[in-house]
Structures are given as C-alpha cells and as structure tokens.
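Note sheet for the following structure.
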Amino acid sequence: MSVITDWDTFLWPYNEAVNELKVKFRALRQSFLTKGEHSPIEFVVGRVKTVDSIKEKMQRRVISPDVIETDMQDIAGIRIMCQFVDDIYRVVDLLHARDDLEVVEERDYIQNAKPSGYRSYHMVVAYTVYLSEGAKRLLAEIQIRTLAMNFWATVEHTLNYKYQGAIRKIFLSGSSGRRKLPTSWMKRCPRSEMRSRKRRRSSPRTRVRKSHESSYRSQ
C-alpha cells in the first residue's frame, strides 16, 4: 500500500470495529446492571480518526502508508468511562479475559502519570472484523479512565491544541505569583477571551454542552 487513495474503503473496517466494540462493552455493562450488581463501566464512546488527523500524524511521526495499519494504533478508538480507579483495573481484567480480542500493548498512566497530570489506562488490542472478502485483523486503542480523569484530559487537550502548548508551559513552569502571558499567545487569543472577569460576569454567554460522543470524536 504505497498511497491511500480511497479513504472511505480504508476506514470502513475501523468504523465497523468501533461499532462492534461499543455494542459489546455496553452489553457488558448491562449484564452487571441486570444482575443488580455495580458495573465498573459507566459509559462507552468511540470514534474513528479523521483523515486530516491521520495525515497529520503520519507526517509528524514519519509513518509510511505501507505500515500505517501496524504503526498507527489509534485509528480506531474506544473510551470506557468508570466511576472509581478500582473500576478501571476491574475493566482491564475483564478485557484480558475476553477471547474475541487480544491485548497487544498496555500503558498505565495512572500509576505513572504524565508531567501534565494526565492519567488514564491505555490498551492496544487486536480485533477481527468480518468483511465480504473475509476476516481482517486490525488494531484499536482502548482508553479507560474515571470521569475526573476525563475532565482533566479534555481540558488539557483543548488548551494544548488551541493555544499550541503556551498554557501548558505556564502551568508547568513551577513559578508562583502572577505571570505575564507570552506575546505570541496574546496575539493568538481572540479578543473576546481577553476581556476582564468583571465584564464576562456582566454579559454571560450561553453555553452549549457537547455530548460525550461528539467530544471524543473531535480528538
């Protein structure tokens, strides 16, 4: 595969994998609830990486189209939300016990949090979808985290991409007291976001709450 020309065809198996995994994990949650037990799974969302995001990552990581299916492990992404940290490790054990997928890689960012404070449990699994031409084995990334971890991860992601890391550098600088924002950041920040707190209070803006699914899809 030297060049990907038909992205719809290429991504279709990943869409199928995401849809199947969401159904299976949601059914797993329901099985606990049906028996009147606590479910370690609060809810499940999923997404397939956009073409633009795939191309950007291919360029940034220098990934050839010939190895994209093995070197880019998060084209298909599932996020499992839990209430408690103990639930996360319960879900990890449940995934290891399944025979319809194979865990090929794990990264525990709960015990080994990133410098930014990001915490989550990542698993890369091999999953088989059945197409008209036969079975196809592909990789999917599963992120397991609590609601609190997800809140911080979402805020960090938004700030890091919107302000190109300027906010993160300020928070991680370790210095105390009031700091002057970099001129480059001030130029990028929209005028409406530089208003004083007092003025924002006098003219509140209507907030639109995004669904969990659309929020994850944007990443």
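The values are calculated or read from the model by the stated rules, or taken from the named source; none is laboratory data. Please read all numbers here as calculations on a predicted model, not as lab measurements. When we count neighbours, we look across all protein chains shown, and the Cβ atoms used for this are built from the backbone with ideal geometry, even at glycine. Ligands, DNA and RNA are excluded from the accessible area calculation, which covers all protein heavy atoms including side chains. Shrake-Rupley method; radii C 1.70, N 1.55, O 1.52, S 1.80 Å.
May I ask for the percentage of alpha-carbon pairs in region 33-162 that lie more than 25 Å from each other? Numbers along the way, then the final one.
On the way: 2678 of 8385 pairs.
So the pairs more than 25 Å apart make up 32 percent of the total in region 33-162.
In region 1-133, what percent of the accessible surface is made up of carbon and sulfur (1.4 Å probe, ligands and nucleic acids excluded)? Write down the numbers at each step before the final one.
Numbers: 3420 of 7110 Å².
Heavy-atom surface of region 1-133 belonging to carbon and sulfur, 1.4 Å probe: 48 percent.
Per-residue HN-Hα couplings for region 4-16, Karplus 6.51 cos²θ - 1.76 cosθ + 1.60 at θ = phi - 60°, whole Hz, x for Gly and Pro?
8, 9, 10, 5, 4, 5, 5, 8, 4, x, 5, 4, 5
Could you tell me which of rounded, prolate or oblate describes region 49-100, using a ≥ b ≥ c as the square roots of the eigenvalues of the alpha-carbon gyration tensor, with rounded for a/c under 1.5 and, failing that, prolate when a/b is larger than b/c and oblate otherwise?
Prolate, because a/c is 1.5 or more and a/b exceeds b/c.
Could I have the simple spin-label model distance between Thr154 and Asp86, label points 7 Å from Cα toward Cβ, reported in nm to one decimal?
The answer from the label model is 2.6 nm.
What FRET efficiency comes out for the pair Ala113/Leu33, r = Cβ-Cβ distance, R0 = 30 Å, nearest 0.05? Walk me through the numbers on the way to the answer.
Working: r = 31 Å, r/R0 = 1.03.
With R0 = 30 Å, the Cβ-Cβ based efficiency is 0.45.
Tally Lys/Arg at +1 and Asp/Glu at -1 over every other residue whose Cβ is under 15 Å from the Cβ of Gln73; what's the total? Let's see the in-between values first.
Details: positive: Arg47, Lys49, Lys57, Arg60, Arg61, Arg79, Arg107, Arg137; negative: Glu69, Asp71, Asp74, Glu102, Glu105, Glu106, Glu141.
Residues close to Gln73 contribute a combined charge of +1.
Can you give me the accessible area per residue for region 76-122, using a 1.4 Å probe, in Å²?
Details: 2380 Å² over 47 residues.
Solvent-accessible surface per residue comes out at 51 Å².
Subtracting the Cα-Cα distance from 0.36 nm times the residue separation, let me have the gained length for Arg26 to Ala97 in nm, one decimal. The partial results should precede the final answer.
Details: separation 71, 0.36 × 71 = 25.56 nm, distance 1.65 nm.
Separation in residues times 0.36 nm, less the Cα-Cα distance, equals 23.9 nm.
Classify region 1-89 as rounded, prolate or oblate from the Cα gyration tensor: take a ≥ b ≥ c as the square roots of its eigenvalues, call it rounded if a/c is under 1.5, otherwise prolate when a/b beats b/c and oblate if not.
Values: a/c = 3.86, a/b = 2.37, b/c = 1.63.
The shape class here is prolate.
Please list, by residue number, every one of the trypsin sites (Lys or Arg not before Pro) in region 1-69 that is coil in DSSP and has at most 13 other beta-carbon atoms within 10 Å.
Values: sites: Lys22, Lys24, Arg26, Arg29, Lys35, Arg47, Lys49, Lys55, Lys57, Arg60, Arg61; in loops: Lys35, Lys49.
In loop regions of region 1-69 (DSSP not H, G, I, E or B), the sparsely surrounded trypsin sites (Lys or Arg not before Pro) are Lys35.
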